[in-house]
Each structure stands twice: as structure tokens, then as C-alpha cells.
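Throughout, read-outs are computed from the coordinates displayed, never taken from laboratory work. Everything quoted here is computed from the prediction, not taken from an experiment. Here the Cβ positions follow ideal geometry from the backbone for every residue, glycine too, while neighbour counts run over all protein chains shown.
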Amino acid sequence: MSAARPLSLDEFAEAAHSAGRFALDTEFMGEGRYRTLLCLIQLAVPVWSTEDDPILLLDPLAADFDGAALAALLADPAVEVVVHAGRQDVALLRRALETDVTRLFDTQVAAGFAGLGSQSSYDSLLREVLGVRLRKSASFTRWDARPLTDEQLDYARDDVVHLLDLAERISERLESLGRLSWALEECDPLTRASDERDPDNILRRLPRSTALSPRSRSVARELVLWREANAARHDRPVQNILGDPTLVEIARRVPRSAEQLERIRGVGTIRGNRGRELMAAVERGLENEPPPVPERHGGPFGKPEDAPLVALAESLLRARALQAKIAYELLATRADLQAIVAALREGSEPVDARPLNGWRRELVGEELLRLLSGQVALAVAEGGSGTAIQIHPLE
């Protein structure tokens, strides 16, 4: 029996357009680099011919790699891209191929709406839904080394060979439950996943950055820019260039000489040209206008007396999640509930809180607001099966 004929990327794109969907996964290496390196792209289309191989492996590290056809496919709203836990895959491909992703179905996200757990691994879903077991033997190998071994290639194929069947089975289950639109709503933000590094976001996340004076914040921002440029130029993690605590301490102390700089812990190896560049960044920071202090988001601050209401709200959401067989993690975080309780205490409604938007509001958000406003009460059911919590209107 002869081997199946491999498809070209153009042929694959034509098949994906015809089918209206294709499966995608990637292999990558992030260790010791400034940006994660995309090393392999695995694609699969529904089987339509026994003569053609439905799986295509693309090597983005090859000198002759041209991903234009794949970029166009990802951006086509008529074609669904099926992934599993695909946030990083999407971010990598959007950057590497300079494209958009417009329509996504993530089996891990969708599984949470089908009573299968919101953080289920690909292996566990294949076992539970399809009864398939994979041999995962090459996950920690060097995907940036060439040539790839047969073991690696088999591993890569396994990551997509059953993905379309899995997505179809989960979709069927969601259709029967009336929740497919909920899952697609939750998948949509993943199409905008990005690994781009924004200096202002990095500045906001620095430890103790909010305690810096305006002058020191300006210095810190220039140090962030200097560190990013160095890390990109040498392809090294930013923390290997200058650690966060050291960066903040330099900004706080504002050294004006090499001697003052070297007295700061963690600066010992930054000398010569790099030391002069760092000092130049400090000087630029002193000359620039200070960046604005970031506004506080998330509504009113929580208070200790909010804790019982937060616990009550969580009880309602957990009960409804059990009843609906939806992963609780999809409904809310504790921070969401704290923001809702704090806002209602001050007479407003936190419109940005997840339980009060989209499908979540339909499932439990309105009920949550009635509970927290004293219109309904929770009670323990007598006997029976399933959840032990009932909700009753108050006169």
C-alpha cells in the first residue's frame, strides 16, 4: 500500500476552504529567548481522499518558508480554525505571519460548557470523548534543532490528527445543550491573543512601581525601553538583562555616576558600553515628562465586611454551575464577585464584571443581582439529588 500523497500549502488551503474548517497546533521554544520561537506548524483538514495526507507539517525555520497562504486562511472569516488551548498558538502566528485570526473554536474552552472541565488537557479530552490514547514522548525535545526526528514528527502529527473529530463531538454536545453560541462567544477574544510587549503595561506591572515619584517613574519607563531593546537585540529574556527589582531600585535612587550605579544590588555585571547605555537611559528619563500614574480600574475597593456577601455570591454561582454542568471557572473569579459586591454597596453596577455580561448574565447574572439586592434568598434543599441549594423569592 503506497503512502498518502502530501499536500502543498496551496492545496491544503483549498481543501480547508472547501471544508470550512481546519485544525492547527504549533511547537515552539521560549527558553532563553526574548520572544518565543515558532518552530513547527501542524495543520489538518477533514479526510476527503484516501490518496492525500490530511495532515501538513510546515517548518517556519526553513529558509524557503512562505506562510502567505496560511496567513490568508487564518484571516478568512469563512474558515473556522480549530485549536486546543490555542492562546499562545494564535499569538505566535499573528506575529510571525503578520496576520489576523478571525474565527476560532478552542476545544479546551468549549469543553468547559459541555461538562468536561474548563482546563482539560488534550489527552484527557481525547480519552473521555473519543476513547483515544496518545503517546506523548517528545514534548520536551528541542524543536528548534534540525533535522527533526521521526519521533518528533509523529508527536507533532498526533497533536492534530484527532482534533477535528474532537471539535465535532464537542460541538454536537453543545448544540444539543443550546450552548454552542456561548462557547463561540468565549472563544472570540482568543482571536486577538498577542505576545507583543507594551512598555506602559510592563511599567505598571513592575513591583512597587506605584510608589515611585513622577521623576522616578519617568526613569523607570526609559529603563524598560532600554531593557526591551537590549533583550531583543541579543535575543535573551529581559530578566537576564536587568531584573525587575534592580530596575525599580535604579529608578528610585536615580544614580548620576557609574560609582553610584554599581552600589545598587544586581547591577554588578552591567559595565562598559551597557553601563553607559543604562546611564544614558537614566538621563533621558530625567529629561522626559513623567508618564501618567495609571488609573485604578475595577470599581470601588472591597472592604472586610463584604466577605460574607462574596461567599454568598460564590455559593449561588457554584450551585448554578453544577446544575448546568458548566465549569465554575468560566463563570467568575473571586475578584469579579468582590467588584460586584463593592459596587452594589456604593449604589452602582460594575458593568465590566464578567458575570453581568453576555451569556453569563443570561445564565446567572440577573439572579446574582437579585440575590445581592435582597430580592431572593438561598436555602438548603431537603433531600433529593443534585445541588443542595435552592433560591427563593422574598416577599
Study note, to complete from the structure: Row for the range 27-102, column shape: gyration tensor on C-alpha, a ≥ b ≥ c, rounded if a/c < 1.5 i.e. under 1.5, prolate if a/b over b/c, else oblate; value prolate
Study note, to complete from the structure: Sorted by chain and then number, the residues having a modelled amide H within less than 5 Å of the amide H of Ile389, at least 5 places away or on another chain, are Ala381
Point to revise | Label-point separation, Arg271 to Thr333 (7 Å along Cα→Cβ), nm | key: 4.3 nm
Practice item. Indicate, rounded to the nearest 5 percent, the antiparallel portion of the DSSP beta bridges found entirely in the chain. Key: 70 percent
Practice item. Please order Thr191, Thr141 by the number of other Cβ within 10 Å, starting at the fewest. Key: Thr141, Thr191
Check your understanding: For labels at Glu31 and Arg205 in the simple 7 Å Cα→Cβ model, what's the distance in nm?
Key -> 2.2 nm
Study note, to complete from the structure: If the label point sits 7 Å along Cα→Cβ of Leu378, residues of the range 326-361 with amide N under 16 Å come out as 328-329, 331-342, 355
Check your understanding: Just the C-alpha atoms of the range 304-393: what Rg/Rh do they give, with Rh taken as the Kirkwood radius?
Key -> 0.95
Check your understanding: How would you rank Thr107, Thr26, Thr99, Thr149, going from fewest to most other Cβ atoms within 10 Å of each one's own Cβ?
Key -> Thr149, Thr99, Thr26, Thr107
Exercise for review: Rounded to the nearest 0.05, what FRET efficiency do Ala19 and Gln88 give with R0 = 25 Å and r taken as the Cβ-Cβ distance? Could you check?
Suggested key: 0.50
**Study point:** Glu185-Ile391 pseudo-label distance in nm [points 7 Å out on the Cα-to-Cβ vector]
**Key:** 1.5 nm
Revision key, fill the gap. Quick note, the range 62-197: a/c under 1.5 would make it rounded; otherwise a/b > b/c is prolate and the rest oblate (a ≥ b ≥ c, C-alpha gyration tensor); here it is oblate
Revision key, fill the gap. Among [x] 5, 24, 31, 24, 13, 3, 0; [y] 4, 18, 24, 20, 17, 12, 5, 2, 0; [z] 4, 17, 21, 21, 21, 12, 3, 0, the entry matching P(r) over Cα pairs in 10 Å bins from 0, in percent as calculated here is [z]
Exercise for review: Name the long-range amide H neighbours of Cys39: under 5 Å, sequence gap of 5 or more, or other chain; modelled H, no Pro or chain starts.
Suggested key: Glu27, Phe28, Met29
Check your understanding: What FRET efficiency, computed as 1/(1 + (r/R0)^6) with R0 = 35 Å and r the Cβ-Cβ distance, is obtained for Ser137 and Arg361, rounded to the nearest 0.05?
Key -> 0.20
Check your understanding: With each run of n ≥ 4 DSSP H residues scored as -39500 (n - 2.57), what mean residue ellipticity at 222 nm is computed for the chain after dividing by its residue count and rounding to the nearest 500 deg cm²/dmol?
Key -> -13000 deg cm²/dmol
Point to revise | ³J(HN,Hα) computed for each position of the range 71-87 - Karplus, 6.51 cos²θ - 1.76 cosθ + 1.60, integer Hz, glycine/proline x | key: 4, 5, 5, 5, 8, 7, x, 7, 10, 8, 9, 9, 9, 10, 6, x, 4
Check your understanding: Does the range 163-293 classify as rounded, prolate or oblate by the C-alpha gyration tensor (a ≥ b ≥ c root eigenvalues; a/c under 1.5 gives rounded; else a/b over b/c gives prolate, otherwise oblate)?
Key -> prolate
Practice item. For Asp52, list long-range residues whose amide hydrogen, built 1.01 Å from N in the peptide plane, is under 5 Å from its own amide hydrogen. Key: Arg5
